[in-house]
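S.K.: One structure, pasted below without further comment.
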Amino acid sequence: MLRVHKDRRPARLVVATVAAALAALTFAVPSGSAATKVYDGPTPGVPCDKGSLPEKTQGRAPLADYTSGRAAKGYTCNARQVGHFGTTGGFRVARYVDKAGHECGYYDTTLLFPKDTLAQGVEGSGTYVMDMTDPSKPVHTDTLRTPAFQSPHESVRVNQKRGLIVADMGYPTFNPGFVDVYDISADCRHPVFQSSTPLGVLGHESGFSPDGNTFYVGSLYGHTLDAVDLTNPMVPTVLWATTDYQPHGMSVSDDGNRLYMTESINTGTTGYRGLTILDVSQVQKRVLNPTVPIVSRLTWPHVGTPQNAMPFTEKGHPYLAEIDEYGSGDNVGAARIIDIADEKKPFVVSLMRLAVNQAAAQAGDEKNDPGASVQFSGYRGHYCEIPTRVDPKIVACTFIVSGLRVFNIEDIAHPQEVAYFNAPPSYTPVVAPNGTQVVDGSFAMAAPAFAPERNEIWYSDGNNGFFAVRLTAAAKRSSGATTGGGTTATRPPPKAAPPPQPAPAALPRTGLPPALPALAVLVLAAAAAGVRRRTVR
């Protein structure tokens, strides 16, 4: 008899319907430096240590394993479960240690509001606050239930410098962009409400300047990008807004002067997917009616839907770690490293892909595996994070049905997969009314968080809840590259990059007056019945 979890395919189908428009676009701008030669996968792995439960094929949980019961054990390589909580998860996980030394985790629990709100059980819906003093026994101490934290989509962000947790009210399409702010600096276990204001225009994802003063809100389908001043978190104000882009994920440089934005644009008969670097120095300096020019744009072969790009340096050299979501065939969602030493001419250095991501594998019988055939789920990437912006050794990514994947990037041009953790397919089996058990795979969509002093990575799974996972000593680079399942893999010679192409034409840059988005969103706010401020205790 097969083990199962609650079937959440309706939520996936809603997400799929919303995202289908992007998948249908055609993109004609290849990318890269003429000198760049990038191996397109699969990324080699390292041997798994004793006690691991490895996959036979990198990233795959095959149907035969569900039938035999093997999938019920999960798949692990150089990683062990430390703690677990709940049965659902959303899109982001964060960690914070407050002034008193309390260690806390935060994760949104609802992939699609309000459809998934009943799945949380007695704890109810919202963004959960976890006391992680003992990571083997996470304790749920609070729930943030203001509008943005009920439906944050991909926007939950923690600012380490100021001790703020912020989200905008998001959705696969968009929601009225309420920006909710809590202070977690004194006692991270019980965030203190600061404000809930409709200044984000429309919400989907976000970015946070490292100084904690500017929160960027983007709407992928609403074509809005908004900078909100949180200098006084109790009285946020709009700094700048535009409709010139189709922003997805955003990260901000350490000095606050660059916005690294992934986007997908449809401009009539042509389109663009990739990285856009914006000069937001005038926003950072609080110039009235700031000018925000495009520094550069980049797209790449095998582009899916660009999700997020995070800046870091390796021995002083600047890079971005980027991941695409969804897609299929050669354009399946996967991760890459981008060189931005010349920020006007960035180029892709290397890729991070699994064996199941390769086009030939997708065309085979893996399409019959549980969860694999869901168009905007399956064996595809979704989110990556890095533990530090200075010389990170690893990148941790969620690859949806393939679970949590960890790549060593000490050799920037030659990443290796060094660990993975793919939870059992159902933590709370449910029997259908007819007595059968319906199979469903993992649904790992969340950007992970790190507790580096314990070699821990925290992430959440839409079907399985919140996990604390610890990497073992074997999770390091190896001279004997394998697929992670014990079979030696040889890295083929890299393919030559395509010739350089003209950069995509810059779109007009017409910033909106600061008052305009505020007035527009007040109309949306008036229509949002039942939305009100409140402090969560």
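The values are calculated or read from the model by the stated rules, or taken from the named source; none is laboratory data. These figures come from a predicted structure and were not determined experimentally. With ideal geometry, Cβ positions are generated from the backbone for all residues, glycine too; neighbour counts draw on all protein chains shown.
S.K.: Please find, among Val395, Val418, the residue that is touching a Cys at 6+ places or on another chain (Cβ under 6 Å) and either over 25 Å from Phe91 (Cβ atoms) or part of a strand (DSSP E or B) (or both).
M.R.: Val395
S.K.: In the list Ile337, Ile386, Ile323, which residue meets the criterion of being in contact with a Cys (Cβ under 7 Å, 6 or more places away or on another chain), among the β-branched types (Val, Ile, Thr) and crowded, with 17+ Cβ neighbours inside 10 Å?
M.R.: Of Ile337, Ile386, Ile323, the one residue that is in contact with a Cys (Cβ under 7 Å, 6 or more places away or on another chain), among the β-branched types (Val, Ile, Thr) and crowded, with 17+ Cβ neighbours inside 10 Å is Ile323.
S.K.: Of all residues being assigned to a strand (DSSP E or B) and within 16 Å of Arg162 (Cα to Cα) in the stretch 72-105, which is nearest to the chain's Cα centre (by Cα)? Just the residue, please.
M.R.: Only one residue tops the list, namely Ala94.
S.K.: Of these, Val406, Val395, Val401, Val418, which one is under 21 Å from Gly333 (Cβ atoms), out of contact with any strand residue (DSSP E or B) (no Cβ under 6 Å at 6 or more places or on another chain) and among the β-branched types (Val, Ile, Thr)?
M.R.: Val401
A quick yes/no check of all residues on (1) among the charged types (D, E, K, R); (2) out of contact with any Asp or Glu (no Cβ under 7 Å at 6 or more places or on another chain); (3) not in a loop (DSSP other than H, G, I, E, B):
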| position | (1), (2), (3) |
| --- | --- |
| Val129 | no, no, yes |
| Asp134 | yes, yes, no |
| Ala148 | no, no, yes |
| Val158 | no, yes, yes |
| Arg162 | yes, yes, no |
| Asp180 | yes, yes, yes |
| Gly200 | no, no, no |
| Gly207 | no, yes, yes |
| Gly218 | no, no, yes |
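S.K.: With the condition kept exactly as written, say whether any residue in the stretch 124-131 is in contact with a strand residue (DSSP E or B) (Cβ under 9 Å, 6 or more places away or on another chain), within 20 Å of His248 (Cα to Cα), of a type outside the set (Val, Ile, Thr) and touching a residue at least 40 places away in the same chain (Cβ under 8 Å).
M.R.: no
S.K.: Residues to consider are Phe193, Phe215, Phe174; find the one that is among the hydrophobic types (A, V, I, L, M, F, W, C), in contact (Cβ under 8 Å) with a residue 40 or more places away in the chain, buried (at least 24 other Cβ atoms within 10 Å of the Cβ) and more than 24 Å from Thr291 (Cα to Cα).
M.R.: Phe174
S.K.: What's the total number of residues in the stretch 186-224 that are modelled with pLDDT of 95 or more and within 20 Å of Ser151 (Cα to Cα)?
M.R.: Residues in the stretch 186-224 being modelled with pLDDT of 95 or more and within 20 Å of Ser151 (Cα to Cα): 14 in total.
S.K.: Separate question: With the checklist (1) within 25 Å of the chain's Cα centre (by Cα); (2) modelled with pLDDT under 95 in hand, flag the one item Pro493 doesn't pass.
M.R.: (1)
S.K.: Do you know which of the residues in the stretch 148-162 that are in contact with a Lys or Arg (Cβ under 8 Å, 6 or more places away or on another chain) and of a type outside the set (A, V, I, L, M) is surrounded by the fewest Cβ atoms within 10 Å (Cβ to Cβ)?
M.R.: That would be Arg157.
S.K.: Next up: Tell me the strands (runs of 3 or more DSSP E) entirely within the stretch 269-361 that contain at least 1 residues that are closer than 30 Å to Arg60 by Cβ.
M.R.: 270-279, 305-314, 317-325, 335-339, 347-352
S.K.: May I pose another question? Considering only the stretch 368-381, I want to know if a residue exists there that is buried (at least 20 other Cβ atoms within 10 Å of the Cβ), among the aliphatic types (A, V, I, L, M) and not in a loop (DSSP other than H, G, I, E, B).
M.R.: Within the stretch 368-381, not a single residue is buried (at least 20 other Cβ atoms within 10 Å of the Cβ), among the aliphatic types (A, V, I, L, M) and not in a loop (DSSP other than H, G, I, E, B).
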